[in-house]
1. Going by average Cβ neighbours within 10 Å, how do the peptides 148-158, 185-195 rank, with the highest at the top?
2. Over the stretch 1-135, with the other protein chains present, what is the accessible area per residue in square angstrom, probe 1.4 angstrom?
3. Output ³J(HN,Hα) for the stretch 27-44: one whole-Hz value per residue in order, computed from phi by the Karplus curve 6.51 cos²θ - 1.76 cosθ + 1.60 with θ = phi - 60°, and x for Gly and Pro.
4. Cross-link list Lys85/Lys154; Lys36/Lys90; Lys25/Lys69; Lys63/Lys186; Lys25/Lys56: which exceed 26 angstrom alpha carbon to alpha carbon?
5. In whole Hz and in residue order, list the ³J(HN,Hα) couplings for the stretch 58-73 that follow from phi through the Karplus curve 6.51 cos²θ - 1.76 cosθ + 1.60, θ = phi - 60°; x for Gly and Pro.
6. Only Cα pairs under 8 Å and at least 6 apart count here; give the relative contact order of the stretch 110-149 as a rounded whole percent.
7. Taking amide H positions as placed 1.01 Å from N in the peptide plane, with prolines and chain starts having none, which residues 5 or more places from Val197, or on another chain, fall under 5 Å of its amide H?
8. May I ask for the distance between the Cα centers of the stretch 1-40 and the stretch 120-156, given as a whole number of Å?
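The values are calculated or read from the model by the stated rules, or taken from the named source; none is laboratory data. The structure displayed is predicted, hence computed values, not measured ones. Backbone-built Cβ (ideal geometry, glycine too); neighbour counts: all protein chains shown. Only protein heavy atoms, including side chains, enter the accessible area calculation; ligands, DNA and RNA are left aside. Shrake-Rupley method; radii C 1.70, N 1.55, O 1.52, S 1.80 Å.
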Amino acid sequence: MLVENYNRVRREIDEACKRVGRDPKDVLLVAVSKTKPLSDIEELVAAGVNDFGENKVQELCQKYDEVSKPVNFHQIGHLQTNKVKQVIGKACLIHSVDSFHLAEKIEAEAAKKDIAVDVLLEVNVAEEESKFGLTTENVEELVRSIASELPHVKIQGLMTIAPFVADPEENRPVFRKLHQLLLDIKSKNIDNVNMDVLSMGMTNDYVVAVEEGSTIVRVGTAIFGERNYQV
Ligand SMILES: *Cc1c(COP(=O)(O)O)cnc(C)c1O
(Lines give C-alpha, C1' and ligand atoms only; values in the text may rest on other atoms or scores of the structure.)
Protein backbone atom coordinates (compact mmCIF):
# COMPACT_ATOMS: atom_id res chain seq x y z
CA MET A 1 0.00 0.00 0.00
CA LEU A 2 2.69 2.53 1.01
CA VAL A 3 4.90 1.35 -1.83
CA GLU A 4 2.02 1.77 -4.27
CA ASN A 5 1.42 5.29 -2.97
CA TYR A 6 5.10 6.11 -3.26
CA ASN A 7 5.23 4.78 -6.82
CA ARG A 8 2.15 6.79 -7.78
CA VAL A 9 3.69 10.01 -6.47
CA ARG A 10 6.96 9.18 -8.22
CA ARG A 11 5.08 8.58 -11.47
CA GLU A 12 3.31 11.93 -11.23
CA ILE A 13 6.65 13.65 -10.64
CA ASP A 14 8.11 11.92 -13.70
CA GLU A 15 5.12 12.94 -15.82
CA ALA A 16 5.35 16.55 -14.64
CA CYS A 17 9.04 16.54 -15.59
CA LYS A 18 8.27 15.28 -19.06
CA ARG A 19 5.59 17.96 -19.58
CA VAL A 20 8.11 20.71 -18.98
CA GLY A 21 11.15 19.07 -20.53
CA ARG A 22 13.00 18.20 -17.32
CA ASP A 23 14.94 15.03 -16.52
CA PRO A 24 13.06 13.06 -13.81
CA LYS A 25 16.44 12.14 -12.31
CA ASP A 26 16.80 15.76 -11.26
CA VAL A 27 13.92 15.52 -8.78
CA LEU A 28 14.38 13.71 -5.47
CA LEU A 29 11.25 12.47 -3.70
CA VAL A 30 11.65 12.68 0.08
CA ALA A 31 9.07 10.56 1.90
CA VAL A 32 7.99 12.61 4.91
CA SER A 33 7.62 10.01 7.66
CA LYS A 34 7.07 12.36 10.63
CA THR A 35 4.69 10.93 13.28
CA LYS A 36 4.68 7.58 11.41
CA PRO A 37 6.10 4.36 12.90
CA LEU A 38 9.42 2.84 11.94
CA SER A 39 7.53 -0.10 10.41
CA ASP A 40 6.18 2.28 7.73
CA ILE A 41 9.71 3.38 6.93
CA GLU A 42 10.90 -0.23 6.79
CA GLU A 43 8.17 -1.07 4.27
CA LEU A 44 9.54 1.56 1.92
CA VAL A 45 13.18 0.78 2.68
CA ALA A 46 12.54 -2.83 1.64
CA ALA A 47 11.29 -1.47 -1.70
CA GLY A 48 14.46 0.58 -2.17
CA VAL A 49 13.36 4.00 -0.90
CA ASN A 50 16.33 5.89 0.46
CA ASP A 51 15.23 9.39 1.55
CA PHE A 52 12.95 10.26 4.46
CA GLY A 53 11.95 13.58 5.99
CA GLU A 54 11.40 14.34 9.68
CA ASN A 55 10.57 17.59 11.39
CA LYS A 56 11.47 16.76 14.99
CA VAL A 57 15.08 16.16 15.94
CA GLN A 58 14.32 13.56 18.58
CA GLU A 59 12.21 11.53 16.17
CA LEU A 60 14.80 11.79 13.40
CA CYS A 61 17.59 10.61 15.71
CA GLN A 62 15.55 7.71 17.05
CA LYS A 63 14.58 6.49 13.57
CA TYR A 64 18.15 7.01 12.37
CA ASP A 65 19.43 4.78 15.17
CA GLU A 66 16.78 2.09 14.74
CA VAL A 67 16.32 1.71 10.98
CA SER A 68 17.55 -1.63 9.64
CA LYS A 69 19.90 -0.19 7.03
CA PRO A 70 21.43 3.21 6.50
CA VAL A 71 19.15 5.64 4.66
CA ASN A 72 19.08 9.42 4.37
CA PHE A 73 17.11 11.43 6.89
CA HIS A 74 16.35 15.04 6.00
CA GLN A 75 15.70 17.58 8.77
CA ILE A 76 12.81 19.47 7.15
CA GLY A 77 11.18 21.16 10.15
CA HIS A 78 12.20 24.22 12.11
CA LEU A 79 15.43 23.57 14.01
CA GLN A 80 16.00 24.98 17.48
CA THR A 81 19.57 25.88 18.34
CA ASN A 82 19.57 23.62 21.40
CA LYS A 83 18.81 20.60 19.18
CA VAL A 84 21.60 21.18 16.67
CA LYS A 85 24.16 19.10 18.55
CA GLN A 86 22.01 15.96 18.34
CA VAL A 87 21.12 16.22 14.68
CA ILE A 88 24.55 17.02 13.23
CA GLY A 89 25.95 13.95 11.52
CA LYS A 90 22.54 12.27 11.40
CA ALA A 91 20.59 14.54 9.06
CA CYS A 92 21.93 14.35 5.49
CA LEU A 93 20.54 17.82 4.73
CA ILE A 94 19.06 20.50 6.97
CA HIS A 95 16.33 22.21 4.93
CA SER A 96 15.40 24.87 7.44
CA VAL A 97 18.22 27.29 8.24
CA ASP A 98 16.69 30.71 8.69
CA SER A 99 19.12 32.75 10.80
CA PHE A 100 22.82 33.43 11.21
CA HIS A 101 22.50 32.45 14.84
CA LEU A 102 21.31 28.94 13.90
CA ALA A 103 24.02 28.64 11.24
CA GLU A 104 26.66 29.60 13.82
CA LYS A 105 25.47 26.85 16.09
CA ILE A 106 25.67 24.35 13.19
CA GLU A 107 29.19 25.63 12.45
CA ALA A 108 30.30 25.05 16.03
CA GLU A 109 29.00 21.48 16.19
CA ALA A 110 30.22 20.61 12.69
CA ALA A 111 33.69 21.97 13.48
CA LYS A 112 33.86 19.83 16.64
CA LYS A 113 33.08 16.75 14.59
CA ASP A 114 35.23 17.96 11.70
CA ILE A 115 32.47 17.48 9.13
CA ALA A 116 30.79 19.69 6.55
CA VAL A 117 27.03 20.10 6.94
CA ASP A 118 24.79 20.61 3.92
CA VAL A 119 21.99 23.11 4.45
CA LEU A 120 19.24 24.94 2.61
CA LEU A 121 17.97 28.36 3.60
CA GLU A 122 14.26 28.43 4.35
CA VAL A 123 12.42 31.28 2.68
CA ASN A 124 8.94 32.43 3.67
CA VAL A 125 8.14 33.51 0.13
CA ALA A 126 4.50 34.34 0.80
CA GLU A 127 5.44 36.16 4.05
CA GLU A 128 2.91 34.29 6.13
CA GLU A 129 3.11 35.33 9.77
CA SER A 130 2.62 31.80 11.02
CA LYS A 131 5.70 30.50 9.22
CA PHE A 132 9.42 30.45 9.84
CA GLY A 133 11.84 31.52 7.16
CA LEU A 134 13.63 34.50 5.72
CA THR A 135 11.96 37.11 3.60
CA THR A 136 13.19 37.01 0.01
CA GLU A 137 15.00 40.35 0.54
CA ASN A 138 17.16 38.91 3.32
CA VAL A 139 18.35 35.73 1.65
CA GLU A 140 21.37 37.00 -0.26
CA GLU A 141 22.82 38.78 2.74
CA LEU A 142 22.57 35.64 4.87
CA VAL A 143 24.07 33.53 2.07
CA ARG A 144 27.03 35.91 1.93
CA SER A 145 27.66 35.97 5.66
CA ILE A 146 27.41 32.20 6.09
CA ALA A 147 29.64 31.58 3.07
CA SER A 148 32.33 33.97 4.26
CA GLU A 149 32.30 33.22 7.99
CA LEU A 150 31.15 29.63 8.54
CA PRO A 151 33.36 27.18 6.63
CA HIS A 152 31.68 23.97 7.85
CA VAL A 153 28.20 25.11 6.74
CA LYS A 154 27.66 24.30 3.06
CA ILE A 155 24.74 26.11 1.46
CA GLN A 156 23.25 23.97 -1.30
CA GLY A 157 20.12 25.94 -2.16
CA LEU A 158 16.73 27.15 -0.93
CA MET A 159 13.57 25.71 0.57
CA THR A 160 10.05 26.97 1.09
CA ILE A 161 6.81 25.77 2.61
CA ALA A 162 4.13 27.25 0.38
CA PRO A 163 0.78 28.37 1.81
CA PHE A 164 -1.99 25.84 2.32
CA VAL A 165 -4.32 26.56 -0.59
CA ALA A 166 -7.36 24.87 -2.10
CA ASP A 167 -6.02 25.06 -5.64
CA PRO A 168 -2.30 24.26 -6.06
CA GLU A 169 -2.17 26.65 -9.02
CA GLU A 170 -2.33 29.45 -6.45
CA ASN A 171 1.17 28.46 -5.32
CA ARG A 172 2.71 28.59 -8.80
CA PRO A 173 3.84 32.23 -8.37
CA VAL A 174 5.40 31.32 -4.99
CA PHE A 175 7.44 28.51 -6.56
CA ARG A 176 8.37 30.65 -9.53
CA LYS A 177 9.59 33.42 -7.23
CA LEU A 178 11.81 31.06 -5.20
CA HIS A 179 13.26 29.54 -8.37
CA GLN A 180 14.06 33.00 -9.72
CA LEU A 181 15.72 33.95 -6.41
CA LEU A 182 17.85 30.79 -6.62
CA LEU A 183 18.93 31.68 -10.16
CA ASP A 184 19.66 35.30 -9.18
CA ILE A 185 21.91 34.25 -6.32
CA LYS A 186 23.51 31.48 -8.37
CA SER A 187 24.42 34.01 -11.08
CA LYS A 188 26.52 35.91 -8.51
CA ASN A 189 28.91 32.95 -8.16
CA ILE A 190 29.50 33.46 -4.46
CA ASP A 191 32.48 31.44 -3.17
CA ASN A 192 31.59 28.43 -1.04
CA VAL A 193 27.94 28.44 -2.14
CA ASN A 194 26.01 26.04 -4.34
CA MET A 195 22.61 27.17 -5.56
CA ASP A 196 21.41 23.96 -7.17
CA VAL A 197 18.87 22.54 -4.74
CA LEU A 198 15.30 23.80 -4.64
CA SER A 199 13.24 22.06 -1.96
CA MET A 200 9.60 22.87 -2.63
CA GLY A 201 6.33 21.00 -3.08
CA MET A 202 4.28 18.90 -0.63
CA THR A 203 1.28 16.60 -1.02
CA ASN A 204 -1.07 19.30 -2.26
CA ASP A 205 1.22 21.08 -4.66
CA TYR A 206 4.23 18.94 -5.62
CA VAL A 207 3.18 18.60 -9.28
CA VAL A 208 3.09 22.38 -9.71
CA ALA A 209 6.37 22.69 -7.78
CA VAL A 210 8.09 20.22 -10.12
CA GLU A 211 6.78 22.10 -13.14
CA GLU A 212 8.36 25.22 -11.63
CA GLY A 213 11.80 23.70 -11.09
CA SER A 214 11.75 21.93 -7.74
CA THR A 215 14.63 19.46 -7.24
CA ILE A 216 13.36 18.02 -3.94
CA VAL A 217 9.71 17.44 -3.13
CA ARG A 218 8.75 16.58 0.46
CA VAL A 219 5.65 14.40 0.41
CA GLY A 220 4.02 12.92 3.50
CA THR A 221 0.24 12.50 3.39
CA ALA A 222 0.05 11.21 -0.20
CA ILE A 223 2.41 8.36 0.75
CA PHE A 224 1.65 7.58 4.42
CA GLY A 225 -1.93 8.84 4.75
CA GLU A 226 -3.21 11.43 7.19
CA ARG A 227 -1.18 12.09 10.32
CA ASN A 228 -2.69 11.72 13.75
CA TYR A 229 -1.16 14.29 16.08
CA GLN A 230 -3.10 13.08 19.12
CA VAL A 231 -0.90 10.04 19.66
C1 LIG B 1 4.90 17.75 7.10
C2 LIG B 1 5.78 18.44 6.14
C3 LIG B 1 5.76 18.10 4.76
C4 LIG B 1 4.83 17.07 4.17
O5 LIG B 1 3.53 17.54 4.15
P6 LIG B 1 2.35 16.73 3.40
O7 LIG B 1 1.34 17.76 3.12
O8 LIG B 1 1.88 15.67 4.33
O9 LIG B 1 2.93 16.15 2.16
C10 LIG B 1 6.65 18.76 3.93
N11 LIG B 1 7.51 19.70 4.39
C12 LIG B 1 7.55 20.04 5.69
C13 LIG B 1 8.53 21.08 6.13
C14 LIG B 1 6.69 19.43 6.59
O15 LIG B 1 6.75 19.81 7.89
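1. Those peptides, ordered most packed to least, come out 148-158, 185-195.
2. Accessible surface, normalised per residue, equals 48 Å².
3. 10, 8, 9, 9, 7, 7, 9, 3, 6, 9, x, 4, 4, 5, 4, 4, 4, 6
4. Going by Cα-Cα distance, Lys63/Lys186; Lys25/Lys56 fall outside the 26 Å limit.
5. 4, 5, 4, 5, 5, 5, 4, 6, 9, 5, 6, 9, x, 10, 8, 10
6. This gives 27 percent for the stretch 110-149.
7. Result for Val197 returns Gly157, Leu158.
8. Result: 26 Å between the Cα centres.
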